[in-house]
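In what follows, a single structure is set out as structure tokens and then discussed.
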Amino acid sequence: MADHTSQKQIVSQVQIVGGGLAGLSLAAALGTAGIKTLLIDMEPEPSNTPFEEAKDNRTTALIQNSINLLNACGAWSGCEDYATALTVMRIVNLPRGAQKYPNSTDFDSREIENSPFGFNVPNAVLRRILFDRLATLSSVTHLTSTKMDKMEQTPDGYQLLLSNGESATATLTVGADGKNSACRKAVGIKSMSWPYPQTAITCYIEHSKPHQNVSTETHYPAGPFTLVPMMGKRSSIVWVEDTRLAKKYLALDDAEFAQELKNKINGRLGTIKLFGKRGGFPISAMLSDSFYTKDLALIAEAAHALPPIAAQGLNLSLRDVAVLAELLIDQNKAGKPLNDIELLKEYDRARRFDVVSRLAAADGLNRFASNDSAILHKVRDIGLSAVRNFSPLRHLMMKSGMTSPLGTPSLMSGKEIERS
Ligand SMILES: Cc1cc2nc3c(=O)[nH]c(=O)nc-3n(C[C@H](O)[C@H](O)[C@H](O)COP(=O)(O)OP(=O)(O)OC[C@H]3O[C@@H](n4cnc5c(N)ncnc54)[C@H](O)[C@@H]3O)c2cc1C
């Protein structure tokens, strides 16, 4: 561990550990409001290479509320050039024996809204734009390639000991350091987690036929295989597979891997070609017992993690960001302390129901959609047929994916962030 005895001490109002997409977004929101913020991340600054060559080869399907938040943080402009509208969600239940109903059901956003379900953006683009935004905010200090090694409680909040030898203190510490959150463990917040026997294989493809802004989720016994439209004739793939098989597929050479993909895609997009890197993400779910303790809040995957079915994870995390940022900005304007325990309780209260209900739904959906049971296959078939033929049910399902029953945080409703 670094020697911290003679090094500089960084003092902030809020210090955020973890600069994934959630930590970056919170820093952008607080920095836009003029709150003195430190963001610490182990990862190096992203290079300016094209997004296809980036380490994270995933995309995120952002719903409109999330885009509104990024816009308020000054981090949507620039993403638009890479964003692809998601107009139709197609669910395919693979045939199994004699099939009574057609096996695919479309959810078309034009039935309920004048706008698409959301926009699909490469994670690497979002990360680069958030980085660039932080560089323009004088109230934000952004440390990259720096690990938070240790946390110590002091009378004025936590002191963080960093791998570069510096230390940092702030009134409020936010853990945004992902599923294995060191912050969560250091302060003793308990969590429950459960792995699934599945791994998500991710990659990008180019194809000869246009995707027509249709995202297709095909339900195989091991898990869903999802094609998500990207710019031009490109799509990103999230292929949820049995972990043992996923390892085998990830070890194939490009030609063999492309052949496996072709078998899955079944000619739907014409001829296909792989581009960029492949990734493998073991799937698990996690929920922490509390999203706060004295002088500390947890957000995003440090607080909760979902299987990547129905593209909910980051959208849910950005709601944490919007709620916490709004509470802190108002508190700062009122000249009150940012570690007020009542504020932290309110943050927990505001987020818990949304998180638990989305987690239960994603867990249930993942188990329901990923199995080889003939009975559940039949139930899926009947369910999809009901949705196909009964438009109010279809509309209700589409709306519930786009909004929270608890209402929309104002930073996600188009409200601008005022500088205090
Ligand atoms: C295959 C796949 C597809 C997905 N698709 C979607 C989608 O379409 N839509 C959607 O909404 N969500 C999606 N998600 C979910 C989404 O990607 C995650 O919710 C999101 O990336 C998590 O962001 P985060 O910032 O919470 O955590 P992370 O990305 O894990 O970031 C945590 C950061 O903290 C840093 N860190 C950790 N410990 C320390 C330390 N001690 N000191 C300093 N830094 C530290 C790490 O280096 C990392 O940069 C998907 C997930 C997967 C796996």
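The values are calculated or read from the model by the stated rules, or taken from the named source; none is laboratory data. Treat the numbers as computed from the prediction; the structure is a model and nothing was measured. Cβ atoms come from the backbone with ideal geometry, glycine included; neighbour counts cover every protein chain shown. Side chains included, ligands, DNA and RNA excluded: accessible areas come from the protein's heavy atoms. Shrake-Rupley method; radii C 1.70, N 1.55, O 1.52, S 1.80 Å.
Taking the stretch 300-339 as the range and being part of a loop (DSSP other than H, G, I, E, B), more than 8 Å from the ligand (Cβ to nearest atom) and in contact (Cβ under 8 Å) with a residue 24 or more places away in the chain as the test, the residues that pass are 303, 307, 309, 310, 337, 338, 339. Under the condition of being within 11 Å of the ligand (Cβ to nearest atom) and of a type in the set (Ser, Thr, Tyr), which residue from the stretch 188-208 is surrounded by the fewest Cβ atoms within 10 Å (Cβ to Cβ)? Result: 202.
Being on the phi < 0 side of the Ramachandran plot, small (Gly, Ala, Ser) and more than 10 Å from the ligand (Cβ to nearest atom): is that true of residue 290 here? Yes. The residues in the stretch 298-320 that are touching a Ser or Thr at 6+ places or on another chain (Cβ under 8 Å), hydrophobic (A, V, I, L, M, F, W, C) and either closer than 19 Å to residue 180 by Cα or surrounded by fewer than 24 Cβ atoms within 10 Å (Cβ to Cβ) (or both) can be counted, and the count is 8.
Using the structure shown, decide if residue 254 is modelled with pLDDT under 95 and surrounded by fewer than 15 Cβ atoms within 10 Å (Cβ to Cβ). Yes. If you take the residues in the stretch 154-187 that are open to solvent by 50 Å² or more (accessible area, probe 1.4 Å) and away from the ligand (no atom under 14 Å from the Cβ), which one is nearest to residue 43 (Cα to Cα)? Ranking the candidates gives 156 first.
Can you find a residue that is of a type in the set (A, V, I, L, M), assigned to a helix (DSSP H, G or I), in contact (Cβ under 8 Å) with a residue 40 or more places away in the chain and more than 13 Å from the ligand (Cβ to nearest atom) anywhere in the stretch 15-28?
We begin by selecting, within the stretch 15-28, every residue of a type in the set (A, V, I, L, M); these are 16-17, 21-22, 24, 26-28.
Next, only the ones that are assigned to a helix (DSSP H, G or I) stay: 21-22, 24, 26-28.
Remaining after also requiring in contact (Cβ under 8 Å) with a residue 40 or more places away in the chain: 21-22, 24, 26-28.
Those still in the list that are more than 13 Å from the ligand (Cβ to nearest atom) too: none.
Within the stretch 15-28 (the criterion being of a type in the set (A, V, I, L, M), assigned to a helix (DSSP H, G or I), in contact (Cβ under 8 Å) with a residue 40 or more places away in the chain and more than 13 Å from the ligand (Cβ to nearest atom)), the answer is no, since none of the residues qualifies.
Scanning the stretch 55-71 for residues that are more than 9 Å from the ligand (Cβ to nearest atom) and open to solvent by 20 Å² or more (accessible area, probe 1.4 Å) gives 55, 64, 65, 68, 71.
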